[in-house]
Amino acid sequence: MSIVPAFPEVLRQILKKPVTNLFPARYLPKSITGFLNKVAAGEATINPPVALPPNFRGKITYDRDICIGCKLCVRVCPAHAIEFLPETKTVRIFVTQCIFCAQCNDVCPVTCLHMSDEFMLADTNRYSENLIVE
Amino acid sequence: MIPMITAAVLGCIGIAVYGMFFGLVLQGVDRKWAARMQARYGPPLHQPFIDIAKLLCKDNIIPKNAVKSVFNAAPVIALAASITILLYLPIGSIMPVLGGWGDIILVIYLLTVPGLAMVAGGLASGSPYATVGSQREMVTMIAYELPLAIAVVAIAWRLNAAGVADPFSLVTLAQTPVWGLVGIPGIIGLLLLMLAIAWVTPAELSRVPCDTPEAETELCGGLLVEYSGKNLALFSLSGAVKMVAMATLTVVLFLPWNLTWFIPLTGAVGIVADLAFFVLKVLLVVFFSVSLIRVGMARFRINHLVTFYWGYITLIGFTGMILLVLDAVLGMGVVA
């Protein structure tokens, strides 16, 4: 079958389970927001997204109780996404600015910064509560 | 005379609706199959309907330097011609509406009309891309007509040699499976002809690997580059109807069996059973000669396309024809 090498392969693939992950729903709903509202109301179920790989770098988390205010993360941040707050000696991280490099995680002497699994960060307001970590 | 005309008119309307509906369903099934072969889920089955509905809602944009009359007439002619083909083709055990007025030679000629309309529309749209596409479409048509004609003529000749009256009539073809009339060389010949027809189908429908005239990546859609809105919807519908016509033609030529020939069913039940069986056969044809070929291959370059059809497919067709002739000459199978 060297003339049409793809034929056996595609015929084999027709029997396999498709690899596409149908997120968030099997087919495009009439209205995405309507669908999400339905999901919130428990009337519809969302198809789960692809399982996250280990060491996934999602939205940053910050434990302000452990933080010693050393400003190392502010210095190391290549995107200048971290702001130091002198009055509380803590930091504020702007997630829209963050490039998810996790260098601050590595440099933090008390490991109060972590990358979470959360990645659904779309928002209309870049200063919304969800996108500023304090 | 009057009831006959009424029946014909009603039949035409019915066939038009059936052709468009079934064609779009076939396209949906084809997209689903293609998706599965590429390990995707694919769009919902009714996606072609959504697409057509969307196109029908949109405005027609006519380019400034287009020949307006031809540009607008081409899609209508293409769709009308595609539906006309269906009027001559039997559907399951339902005999063609205009079966008494035309034969398979007429069908072959009619099959070129949508293509010619597309060529005219492309040349009239005043775009260099469309012009190149039209020229390619003409070359493609020249390339695939010969194997198609060979297959049809060979089968009709063999039927004639077996003493079947009126071998070119579609009613005859649909009621006499040629497989039962031939010996071993004839069966090999018929298999070869079937292979040739299976390869002619994608060329006839301008699907991959023979979508050289449209060639999205090089010609931005070629023939159809300037078409939009309702005109494009008519062209898509014509393509869908043509898919039904080509698949039905293959079924009539090579798989004409009906369920009622084997299981004694009468009346409406028999007709429905035959229709279901017919749909199954059409789906089989579409799977092999549209979906599989289009997923498994890349687009031909125009010179490859001509070499492929004039060289290899015609050769396969000729071999099949010679085997059928030998079959009759050597007296194998049924000879009158």
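The values are calculated or read from the model by the stated rules, or taken from the named source; none is laboratory data. Predicted, not measured: the structure shown is a model, and the values here were computed from it. Glycine gets a Cβ as well: all are built from the backbone with ideal geometry, and neighbour counts include every protein chain shown.
Just checking, does the range A:5-16 include any residue being among the aromatic types (Phe, Trp, Tyr), over 24 Å from the mean Cα position of the chain (by Cα) and either surrounded by 12 or more Cβ atoms within 10 Å (Cβ to Cβ) or assigned by TED's automatic domain parsing to the domain that holds residue A:113 (or both)? It would help to see each step written out before you state the result.
Step one: filter the range A:5-16 for residues among the aromatic types (Phe, Trp, Tyr), giving A:7.
Remaining after also requiring over 24 Å from the mean Cα position of the chain (by Cα): A:7.
Keeping just the survivors that are either surrounded by 12 or more Cβ atoms within 10 Å (Cβ to Cβ) or assigned by TED's automatic domain parsing to the domain that holds residue A:113 (or both) gives A:7.
So far as the range A:5-16 goes, yes, one or more of its residues are among the aromatic types (Phe, Trp, Tyr), over 24 Å from the mean Cα position of the chain (by Cα) and either surrounded by 12 or more Cβ atoms within 10 Å (Cβ to Cβ) or assigned by TED's automatic domain parsing to the domain that holds residue A:113 (or both).
For the range A:56-65, name all the residues that are over 12 Å from the mean Cα position of the chain (by Cα) and exposed (fewer than 14 other Cβ atoms within 10 Å of the Cβ). Before you say what the answer is, go through the steps one by one.
Of the residues in the range A:56-65, the ones over 12 Å from the mean Cα position of the chain (by Cα) are A:62-65.
Result: A:63, A:65.
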Can you spot a residue in the range B:213-221 that is hydrophobic (A, V, I, L, M, F, W, C), surrounded by fewer than 19 Cβ atoms within 10 Å (Cβ to Cβ) and touching a residue at least 24 places away in the same chain (Cβ under 8 Å)?
yes
Being modelled with pLDDT of 90 or more, within 14 Å of chain A (Cβ to nearest Cβ), under 15 Å from residue B:235 (Cα atoms) and surrounded by fewer than 17 Cβ atoms within 10 Å (Cβ to Cβ) is the requirement here; does residue B:58 meet it?
no
Among (1) among the basic types (Lys, Arg); (2) under 30 Å from residue A:27 (Cβ atoms); (3) modelled with pLDDT of 90 or more, residue A:57 falls short only on (2)
Verdict on residue B:10 being more than 13 Å from every other protein chain (Cβ to nearest Cβ), under 18 Å from the mean Cα position of the chain (by Cα) and either modelled with pLDDT of 90 or more or in a helix (DSSP H, G or I) (or both)
no
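What residue, of B:159, B:181, B:170, is within 17 Å of the chain's Cα centre (by Cα) and either within 20 Å of residue B:200 (Cβ to Cβ) or not β-branched (Val, Ile, Thr) (or both)?
Values: B:159 fails: within 17 Å of the chain's Cα centre (by Cα); B:181 fails: within 17 Å of the chain's Cα centre (by Cα).
The match here is B:170.
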Is there a residue being in contact (Cβ under 8 Å) with a residue 24 or more places away in the chain and within 30 Å of residue A:29 (Cα to Cα) anywhere in the range A:101-114?
no
Quickly run through the range B:13-41 and pick out the residues that are within 19 Å of residue B:236 (Cα to Cα), within 12 Å of another protein chain (Cβ to nearest Cβ) and either in contact with a Pro (Cβ under 9 Å, 6 or more places away or on another chain) or basic (Lys, Arg) (or both).
B:32
Looking at the structure I just gave you, is residue A:44 small (Gly, Ala, Ser), touching a residue at least 12 places away in the same chain (Cβ under 8 Å) and under 30 Å from residue B:35 (Cα atoms)?
yes
Among what's in the range A:73-116 and is hydrophobic (A, V, I, L, M, F, W, C) and loosely packed, with under 14 Cβ neighbours inside 10 Å, pick the residue that is farthest from residue A:132 (Cα to Cα).
A:110
Inspect all residues belonging to the range B:102-114 and state whether any of them is of a type in the set (Gly, Ala, Ser) and crowded, with 22+ Cβ neighbours inside 10 Å.
no
Exactly one of B:174, B:149, B:156, B:161 is of a type in the set (A, V, I, L, M), out of contact with any Ser or Thr (no Cβ under 7 Å at 6 or more places or on another chain) and at pLDDT 90 or above, and that residue is B:149
Checked the range B:309-326 for anything aliphatic (A, V, I, L, M) and touching a residue at least 40 places away in the same chain (Cβ under 8 Å); matches are B:313, B:316, B:321, B:322, B:323, B:324, B:325, B:326
Could you tell me which of the residues B:182, B:208 is out of contact with any Leu (no Cβ under 8 Å at 6 or more places or on another chain), touching a residue at least 60 places away in the same chain (Cβ under 8 Å) and not hydroxyl-bearing (Ser, Thr, Tyr)?
B:208
Those residues of the range B:21-49 which are of a type in the set (Phe, Trp, Tyr) and crowded, with 20+ Cβ neighbours inside 10 Å amount to B:22, B:33
Would you check if there is a residue in the range A:25-38 being more than 10 Å from chain B (Cβ to nearest Cβ), among the aliphatic types (A, V, I, L, M) and in contact with a Phe, Trp or Tyr (Cβ under 9 Å, 6 or more places away or on another chain)?
yes
Among the residues in the range B:137-155, are any within 16 Å of the chain's Cα centre (by Cα), hydroxyl-bearing (Ser, Thr, Tyr) and buried (at least 17 other Cβ atoms within 10 Å of the Cβ)?
yes
Going through the range B:277-336 in order, the residues found to be closer than 16 Å to residue B:211 by Cα, among the aliphatic types (A, V, I, L, M) and away from every other protein chain (no Cβ under 14 Å) are B:302, B:305, B:306
Among (1) modelled with pLDDT under 85; (2) crowded, with 17+ Cβ neighbours inside 10 Å; (3) hydroxyl-bearing (Ser, Thr, Tyr), residue B:227 falls short only on (1)
